[in-house]
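Undergrad: Pasting a structure below so you can have a look.
The values are calculated or read from the model by the stated rules, or taken from the named source; none is laboratory data. Bear in mind that the values here come from a model prediction, so they are computed numbers and not experimental data. Don't worry about glycine lacking a Cβ; one is built from the backbone with ideal geometry, like all the others, and counts go over all protein chains shown. Accessible surface areas use protein heavy atoms only, side chains included; no ligands, DNA or RNA. Shrake-Rupley method; radii C 1.70, N 1.55, O 1.52, S 1.80 Å.
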Amino acid sequence: MLRALALTVVAFALLTASAVARTVDVPARLGAEIPDAASIDVPVLLPSRVDLDIASSTKTYPEGDSKKGEYHLALSGAKDCGGANACFLATFTGERGAKLGYKATNVKLALGMKGHYRPLSCGASCSPPSIAWIQKGVRYEIQAKARGGREAFVAMANSAIKNGNRG
């Protein structure tokens, strides 16, 4: 009986250790991947942090790609992930002239803006939660394996909006 109790305690410890959110300083972690906003003609809006739903020991790797009018920045759980589901952690995008992509807004954001939050959705595969909004003709989106649901995504969007251009 004592052995069964000990195994249960160890199993619980392993489960809770892997379920701990890891807070990542987004601008610091993306660092050199953040493009110069003047060169791409799009302000780079990033939240100050994201609470990723990953084990505290999981490493995060920055990735970035940009061209005139858009950027795509990512945090991955493996080098050269390329957006694969197995190593995807978060993406931060901005694209000039893109449409919101949803029929209706469902969240209120900083500075009186409105956006669309989409929770985790699963079909043949699962798509992490995301939030998108249009600001000064640029469509921004944050998609992440993050904790906190709608409130957390609204807080990330508001952080990105209030902190302004980081590029």
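Undergrad: Considering segment 67-85 alone, what residues qualify as being of a type outside the set (D, E, K, R), modelled with pLDDT of 95 or more and not in a strand (DSSP E or B)?
TA: Correct list: G69 only.
Undergrad: What pairs can you find where one residue is in segment 30-55 and under 17 Å from Y140 (Cα atoms), the other is open to solvent by less than 20 Å² (accessible area, probe 1.4 Å) and of a type in the set (F, W, Y), and their Cβ atoms are less than 7 Å apart, with a gap of 6+ or different chains?
TA: P35/Y71; I40/Y71; V42/Y71; V44/Y71; L45/Y140; L46/F92
Undergrad: Hey, among I142, I131, which residue is in contact with an Asp or Glu (Cβ under 8 Å, 6 or more places away or on another chain) and within 26 Å of S56 (Cα to Cα)?
TA: Working: I142 fails: in contact with an Asp or Glu (Cβ under 8 Å, 6 or more places away or on another chain).
The unique qualifying residue is I131.
Undergrad: Has segment 57-65 got any residue that is open to solvent by 50 Å² or more (accessible area, probe 1.4 Å) and farther than 19 Å from K145 by Cα? Before you say what the answer is, go through the steps one by one.
TA: Just the residues of segment 57-65 that are open to solvent by 50 Å² or more (accessible area, probe 1.4 Å), to begin with: 57, 59, 61, 65.
Those still in the list that are farther than 19 Å from K145 by Cα too: 65.
Yes.
Undergrad: Right, here's the next one. Just checking: which of the helices (runs of 4 or more DSSP H) contained wholly in segment 1-66 hold 1 or more residues that are at pLDDT below 95? Full working, then the answer.
TA: Working: elements: 2-18, 26-30, 37-40.
Those helices (runs of 4 or more DSSP H) span 2-18, 37-40.
Undergrad: Right, here's the next one. Out of segment 111-167, which residues are acidic (D, E) and either surrounded by fewer than 21 Cβ atoms within 10 Å (Cβ to Cβ) or over 13 Å from the mean Cα position of the chain (by Cα) (or both)?
TA: If we filter segment 111-167 for residues that are acidic (D, E), which is where we start, we get 141, 151.
If the condition is that a residue be acidic (D, E) and either surrounded by fewer than 21 Cβ atoms within 10 Å (Cβ to Cβ) or over 13 Å from the mean Cα position of the chain (by Cα) (or both), then E151 is the only one that fits.
Undergrad: Within segment 116-128, is there a residue that is without any contact (Cβ under 8 Å) to a residue 12 or more places away in the chain and assigned to a helix (DSSP H, G or I)?
TA: Scanning segment 116-128, I find no residue that is without any contact (Cβ under 8 Å) to a residue 12 or more places away in the chain and assigned to a helix (DSSP H, G or I), so the answer is no.
Undergrad: Looking only at residues in segment 66-110 that are touching a Leu at 6+ places or on another chain (Cβ under 6 Å) and in contact (Cβ under 8 Å) with a residue 24 or more places away in the chain, which one is surrounded by the most Cβ atoms within 10 Å (Cβ to Cβ)?
TA: Kept after step one, since they are touching a Leu at 6+ places or on another chain (Cβ under 6 Å), are these residues of segment 66-110: 73, 75-77, 89-90, 92.
The next check asks that each one be in contact (Cβ under 8 Å) with a residue 24 or more places away in the chain; those that pass are 73, 75, 89-90, 92.
Working: L73: 25, L75: 25, L89: 24, A90: 24, F92: 27.
Selected residue: F92.
Undergrad: Of all residues in segment 68-79, which are within 19 Å of P27 (Cα to Cα) and not polar (S, T, N, Q)?
TA: E70, Y71, H72, L73, A74, L75, G77, A78, K79 - these are the residues of segment 68-79 that are within 19 Å of P27 (Cα to Cα) and not polar (S, T, N, Q).
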